[in-house]
1. Given the conditions (1) modelled with pLDDT of 80 or more; (2) farther than 22 Å from Glu134 by Cβ; (3) among the hydrophobic types (A, V, I, L, M, F, W, C); (4) buried (at least 19 other Cβ atoms within 10 Å of the Cβ), and given that Val38 satisfies all but one, which numbered condition is not satisfied?
2. Could you list, in sequence order, the residues of region 194-241 that are more than 19 Å from the chain's Cα centre (by Cα), among the β-branched types (Val, Ile, Thr) and loosely packed, with under 14 Cβ neighbours inside 10 Å?
3. Going through Phe172, Phe121, Phe183 one at a time, which residue ends up being of a type in the set (Phe, Trp, Tyr) and more than 18 Å from the chain's Cα centre (by Cα)?
4. Restricting attention to region 242-260, which residues are more than 17 Å from the chain's Cα centre (by Cα) and within 16 Å of Cys281 (Cβ to Cβ)?
5. Considering only region 74-106, state which residues are under 14 Å from Phe156 (Cα atoms) and either surrounded by fewer than 21 Cβ atoms within 10 Å (Cβ to Cβ) or touching a Phe, Trp or Tyr at 6+ places or on another chain (Cβ under 7 Å) (or both).
6. Enumerate the helices (runs of 4 or more DSSP H) found wholly within region 216-306, keeping only those where 1 or more residues are modelled with pLDDT of 95 or more and over 27 Å from Ile60 (Cβ atoms).
7. Pull up region 43-64, narrow it to residues that are at pLDDT 95 or above, in contact with a helix residue (DSSP H, G or I) (Cβ under 7 Å, 6 or more places away or on another chain) and surrounded by fewer than 20 Cβ atoms within 10 Å (Cβ to Cβ), then point me to the one that is nearest to His246 (Cα to Cα).
8. Taking Tyr225, is it within 27 Å of Val38 (Cα to Cα) and among the aromatic types (Phe, Trp, Tyr)?
Amino acid sequence: MTTRQPAEDRGVDAAGELNNLQEIASYLRPTAGSPPDVQGIDVAGVSLPLHGTVGGDHLIYLDFKKRYDLKARISSAEAAGHHHIAEKLRLCRSRAGVVVADVSGHFMTDSLVALMLHQAFLLGAVYALDLHGEITTRLFENLNKRFYQSFAVNKFLTLLYGEINQDGAFRFITAGHPLPVVFSRSYDRIVGISDESLSTFPPIGTMPSSHDIDLEAMAATPLGYKARYTTNEISLMGHGDILVLHTDGLSEHQSGGKEYFPGRLEACLRKGKDQSAKELCPLIVDDVRRFGALEDDMSLVLIKRL
C-alpha cells in the first residue's frame, strides 16, 4: 500500500525542486561572451533578468576573430579549392555579430529556452562558416524549424541577429523583435528608421517557412506560413552615432502611465553621447530604474561608431 504524502510535504518538495532548477539554470546558462573587437566600433551590452539571476532575455556576441581560427579556416578552404568561401571568411575579420533574443515569459524555466537557442545558434554558426564562410539566413530557417517542432503555440522567442562592419554598416535579420534605433550625433537625437523599408518576420517557432523542403512531413500549422528570411542593412554614417539594440523590456517600459521609450532614452543618450559604450550602458540602466521599477526582463546592446 502506498502512503499518500501530506500536502505540506509535497509543497516543500515542489519548492525544493524549483530552487534546484534555478540553481541548475544559473550554472548552465551560457554567457554572452566578450563584447566584440571591431576596428572603429565600440560595443557593450547588458541583460537584466526580472526574477533572480536568470530569465528569458539572452545576448550572444559573435566575434569571429576571437571565437574561430579564421586563418586556419581560410587555409583549409583555399586548399580545397573553395576560394569563394575563403574570401567570405576574410571579410569576417572586419565584422562581428550580435544576437539579442527574448523568450516569451521571464521566469527561470524560460532561461532553459535561451540555453537551447544559445547552443543551437553557435553549433549552426560553425556549420555556416564551414559551408558558406559567413552566417546566412539558412541558419535562422533551421532554428525556426527546430523551435517550431519543439514548442507549443504559446511558447516562442523573438530574435534579432545583426553584424556590424568596421565601416559602420549594420546588416540584420529580425524575427518578431523590436527594431534597432540610431542616435545621430550630428542631429543630436534619435533618427527614425522607416518600417516600410525593412523586412520583418514572425517570432521564432510560431510558424514554418512556406519554402521548407520538409513541409509535407510537418503537422498542420494553425497560424499559416512565413516567407523566406531576408536581411536588412542600415548604416552608422557619422562618427559618434550610437546604434541601440534592445528587447521590449526597454521599449515598453512605463511608469505612472508615462513611457520611457523613446523620449527619455534619447535624453539619456544625448547626455552620455561622449561616453564609451561600456560607460553609457550603466547610465541608461540607472536611468531606467529611476524612471520606474522593471516589469519585464530588459536587455540592450550599444554599438557606437568611433
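The values are calculated or read from the model by the stated rules, or taken from the named source; none is laboratory data. Predicted model, so just to flag it, every value in this text is computed and none were measured. So basically every Cβ, Gly included, is an ideal-geometry build from the backbone, and we count neighbours across all protein chains shown.
1. Going through (1) modelled with pLDDT of 80 or more; (2) farther than 22 Å from Glu134 by Cβ; (3) among the hydrophobic types (A, V, I, L, M, F, W, C); (4) buried (at least 19 other Cβ atoms within 10 Å of the Cβ) one by one, Val38 breaks only (2).
2. Ile213
3. Being of a type in the set (Phe, Trp, Tyr) and more than 18 Å from the chain's Cα centre (by Cα) holds for just one of Phe172, Phe121, Phe183, which is Phe183.
4. Within region 242-260, Ile242, His253, Tyr260 meet the criteria.
5. Ser104, Gly105
6. Working: elements: 248-251, 263-271, 277-291.
Once the helices (runs of 4 or more DSSP H) in region 216-306 are filtered for at least 1 residues that are modelled with pLDDT of 95 or more and over 27 Å from Ile60 (Cβ atoms), what remains is 263-271, 277-291.
7. Quick first cut of region 43-64, residues at pLDDT 95 or above only: 43-46, 59-64.
The next check asks that each one be in contact with a helix residue (DSSP H, G or I) (Cβ under 7 Å, 6 or more places away or on another chain); those that pass are 43-46, 60, 62, 64.
Retained after the next criterion (residues that are surrounded by fewer than 20 Cβ atoms within 10 Å (Cβ to Cβ)): 44, 46.
Details: Ala44: 12, Val46: 10 Å.
Once the filter is applied, the top-ranked residue is Val46.
8. The answer is no for Tyr225.
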